[in-house]
Amino acid sequence: MKKILGVLLALSLASAVFAAETVRIGLMAPLTGPWASEGQEMKQIVELLADQLNAKGGTQFEIVAEDDAGDPRTASLAAQRLSTKNVVAVVGTYGSSITEASQSIYDESEIIQIATGSTAVRLTEKGLNFFFRTCPRDDEQGRVAAKTIMSNGWKKVAILHDNTSYAKGLAEEAEGLLKKEGVEVVFFDALTPGERDYAAIITKMKSAGPDGVFFTGYYPEAGLILRQKMDMGWSVPFLGGDATNNPDLVKIAGEKAADGYMLLSPPVPQDLTTEAATSFINAYKAKYNAEPGSIWAVLAGDAFLVAAAGVDGSGSTDTTKVADYLKSGMKDFPALTGSINFDKKGDRIGDLYKVYKVDGAGKFIMQ
Amino acid sequence: MEEFVQQLTNGLAVGSIYALIALGYTMVYGVLKLINFAHGDLFTLGAYLGLTLLTSFSLQDKMGPLAAVGLLAIMVMGLVALIGALLDRVAYKPLRESPRLSAVVSALGASIFLQNTVMLIYGARFRVYPQDILPRTVIDFFGMPIPLMRILILLVSLAMMVALYTFIQKTRIGTAIRAAAIDQGAARLMGINVDRVILIVFMVGPALGGAAGLMVGLYYGQINFTMGWVYGLKAFTAAILGGIGNIPGAMLGGLLLGVMEALGAAYISIAWKDAIAFLVLILILIVRPKGILGERVAEKI
């Protein structure tokens, strides 16, 4: 009897010690619904990274996953559940409007939230102290576009959008930056998506005589324009936004017309070159027998790593201290998608967008 | 000047496709006073059937591009004509004696049905025609590069329109169609089989629409199940512009709409080109409520 009591006592002591050292990190992800493939991969990656960290010893982390179903209402319920589960930080989520529905719940509970795929600018413009994100903002793409255009030496640029709020915003962002830098915007207009014939637009752009064209719309129109531009014997270089990152672009345009087309996009996981990324991708392959498909899910892994680094670096589970550390203490944290620094708003500093170029065989090659 | 000529050819190529589709709207309206809202989807069907036939028989390998495209056009036009006849039997004939609104609702239903059928069979993603069928030659027109295919599209469309016009004006069936358009009751009394006339109208119009779909597929390469909506809307507008019910009017309206769009895009603003084209439509309808060539009802078709 005494022995058993002793064992029980030892066990309960051990678990008490264990509990003190285990830090709970929430994961809010679309495990079901239209973005379920993203959410499933987010969960796989975060759990893999947590296992790796735990195996190293040190602070032990426990992942508490909740499904937001890619739906704002489900997300607010998930946020309420997570905020009662004693989590220090929550990783997630994917869609901007879904994240937005949960932001104030975490903020009131003083839980750190690190969004992973939510790129809408307004999310970090609300002055929320506990909100961070590992993904870029929508306006970053405009900056990278302007940089790419200038490094290509284009002095005169044509900018074409399709009047969707995303494409128009990106076009205006790039236009403003280019004008500041003294690049002449000789053409700025919008096409109507869903049509087939863009010859009138191409003819008009051609007569403006640009050194290059920046198209901020989507891949079906980009493919048609590339093809019709070739038919008309015009060989101006094209740069597209991340909405043209789709293999169907090459199918629509044809390999010959798509050859040399440049586009901006966050890197696909296979193009990540950091040491952390390659060893992670190998571990992922070993465990799940597949390659990670989505960069946004890899950014969820980064969010988890940053949250863990925040707890370790500040030596505390007091979220105010962790948030302070992430904003001012943490410098160049080596994450999967490169080094991470946060500014005062909780936005990631530095460019994630890369330039891709379509080669003669229709493959997207990172530059 | 150079840009003007180029935009003119751009507009004529687009406009000739509008005109081909507009003929289907205008013929049906001429005889039945019905707007066949499913006509745009028959156009889509033409594009998809063309893709299926082309890839499943690999025609261009067997007989060379020119013969392949010719045979393809005949097959697509025949099939879409059959579907058009079937559409009339299923969706419109039972409602012949009903109020006109019922037929319009039935037309909208048929449009939704066809569009979703195409989506379920072929999927919602963009489909792409093989790239290497047509020559991508650019001809030099007084120093202006103009793709040969644009000129061919215009010529083929014009040829079909002339053929249709001759058919309506010179043949017995054409005369019967014109008679039925003027007064169905009187035509019946004269011994004209009006049901047969309607059937022919529902075959010829869709055949032209299907041919337009095939041309769009062959030239632009990219097709999807909603493409009939934009083209249908524009072609319907063209038919109204030219005077609905009037065959030369549909041709003129289509070409005019295409050219207005291209020139509006060129000289005013691309984003506003549809607004400009429709503004011109409104102005023309204010001056001539029956459209440019729209005349007394007795002259229709």
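The values are calculated or read from the model by the stated rules, or taken from the named source; none is laboratory data. Source: prediction; values computed, not measured. Every residue, glycine among them, receives a Cβ derived from its backbone with ideal geometry; neighbour counts consider all protein chains shown.
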Just to be sure, is A:L226 among the hydrophobic types (A, V, I, L, M, F, W, C), within 13 Å of chain B (Cβ to nearest Cβ) and not in a loop (DSSP other than H, G, I, E, B)? yes
Look through B:Y92, B:Y48 and report the one residue that is among the hydroxyl-bearing types (S, T, Y), touching a residue at least 40 places away in the same chain (Cβ under 8 Å) and closer than 25 Å to B:S157 by Cβ. B:Y48
Of the residues that make up region A:236-251, is at least one under 30 Å from A:K155 (Cα atoms), within 11 Å of chain B (Cβ to nearest Cβ) and assigned to a helix (DSSP H, G or I)? yes
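Suppose the filter is polar (S, T, N, Q) and in the same structural domain as A:V306 (by TED's automatic domain parsing); does A:T119 pass it? Break it down into steps so the answer makes sense when it comes.
Numbers: polar (S, T, N, Q): yes; in the same structural domain as A:V306 (by TED's automatic domain parsing): yes.
Here the answer is yes, as A:T119 does meet what is asked.
Take residues that are of a type in the set (D, E, K, R) and tell me which of the helices (runs of 4 or more DSSP H) falling wholly in region B:83-197 contain 2 or more.
Working: elements: B:100-122, B:148-170, B:172-182, B:184-189.
By residue number, B:148-170, B:172-182.
For the condition away from chain B (no Cβ under 14 Å) and in contact with a Ser or Thr (Cβ under 8 Å, 6 or more places away or on another chain), what is the one hit in A:R122, A:R137, A:R143?
On the way: A:R122 fails: in contact with a Ser or Thr (Cβ under 8 Å, 6 or more places away or on another chain); A:R143 fails: in contact with a Ser or Thr (Cβ under 8 Å, 6 or more places away or on another chain).
Being away from chain B (no Cβ under 14 Å) and in contact with a Ser or Thr (Cβ under 8 Å, 6 or more places away or on another chain) holds for just one of A:R122, A:R137, A:R143, which is A:R137.
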Close pairs from region B:212-223: first facing chain A (nearest Cβ under 8 Å), partner hydroxyl-bearing (S, T, Y), Cβ under 6 Å, at least 6 apart: B:G221/B:Y129
Can you pull out every residue in region B:256-287 that is more than 9 Å from every other protein chain (Cβ to nearest Cβ), under 25 Å from A:D162 (Cα atoms), among the aliphatic types (A, V, I, L, M) and in a helix (DSSP H, G or I)? B:L256, B:L257, B:V259, B:M260, B:A275, B:I276, B:A277, B:L279, B:V280, B:L281
Looking at (1) within 22 Å of A:T274 (Cα to Cα); (2) among the small types (G, A, S); (3) outside any strand (DSSP E or B); (4) in contact with a Lys or Arg (Cβ under 9 Å, 6 or more places away or on another chain), which one does A:G360 not meet, given that it meets all the others? (1)
Got at least one residue in region B:235-243 being away from chain A (no Cβ under 14 Å) and within 19 Å of B:A180 (Cα to Cα)? yes
Check whether at least one residue in region A:204-214 is away from chain B (no Cβ under 11 Å), surrounded by 23 or more Cβ atoms within 10 Å (Cβ to Cβ) and either closer than 25 Å to A:D138 by Cβ or in contact with a strand residue (DSSP E or B) (Cβ under 7 Å, 6 or more places away or on another chain) (or both), and report yes or no. yes
Quick count over region A:137-160, residues being at pLDDT below 90 and farther than 30 Å from A:L123 by Cα, is 0
